[in-house]
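One structure below.
The values are calculated or read from the model by the stated rules, or taken from the named source; none is laboratory data. If you're wondering where the values come from, they're calculated on a predicted model, not measured in any experiment. Neighbour counts are summed over all protein chains in view; Cβ atoms, including those assigned to glycine, are modelled from backbone coordinates with ideal geometry.
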Amino acid sequence: VRPERYTYQFMESHDYFTVSVLPEEAKKVTALCGSKSGRDVDKVKACGLTVRWGAGDAPFFDEAEWVLVCRKLYAQDMDPACVLGEGEILPFYTPGQGGWHRIYVGQVVEAYQK
């Protein structure tokens, strides 16, 4: 998660996070959620999503086919000196694109499947 992203503040301030995988037919929802910031748009309302809550009060979408609820175990900022295969990763880190991602590792504590 890049530090500039709205999600970053939630990842830093909470002990749990979720990964929701929406169905193939939800491409428009995925596109909107990936292109708009939650600072500017209520994505849940705009997409008609239903929020449910998992362990640690971690939110996820009822419409998801798969959900992983994870407890944060580790966080580390990516380091450009550690990049292998420069042609695959470095083009995503050009000036104006934002900072380097912080990587989070979590233990899956709940999993849901439709």
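Things to note:
- Exactly one residue out of Ala26, Ala81 is of a type in the set (Gly, Ala, Ser), surrounded by 14 or more Cβ atoms within 10 Å (Cβ to Cβ), part of a helix (DSSP H, G or I) and at pLDDT below 95: that is Ala26.
- Considering residues of region 87-108 that are closer than 18 Å to Met11 by Cβ and either small (Gly, Ala, Ser) or more than 17 Å from the chain's Cα centre (by Cα) (or both) only, the residue modelled with the lowest pLDDT: Gly98
- Hits in region 39-54 (condition: surrounded by fewer than 14 Cβ atoms within 10 Å (Cβ to Cβ) and on the phi < 0 side of the Ramachandran plot): Arg39, Asp40, Asp42, Lys45, Ala46, Thr50, Val51, Trp53
- Of all residues in region 50-63, those being in a loop (DSSP other than H, G, I, E, B) and touching a helix residue (DSSP H, G or I) at 6+ places or on another chain (Cβ under 9 Å) number 2.
- If the condition is being on the phi > 0 side of the Ramachandran plot and surrounded by 10 or more Cβ atoms within 10 Å (Cβ to Cβ), then region 84-108 contributes only Gly98.
- Residues (touching a Leu at 6+ places or on another chain (Cβ under 7 Å) and closer than 28 Å to Lys45 by Cβ) located in region 66-114: Gly106, Ala111
- Figure legend. Inter-residue proximity from region 85-114: first residues closer than 23 Å to Glu4 by Cβ, second residues modelled with pLDDT of 95 or more and hydroxyl-bearing (Ser, Thr, Tyr), beta-carbon distance below 6 Å, spacing 6+ or different chains. Indicated pairs: Val105/Tyr74.
- Only one of the listed residues (Asp15, Asp42) is among the acidic types (Asp, Glu) and out of contact with any Gly (no Cβ under 7 Å at 6 or more places or on another chain). That residue is Asp42.
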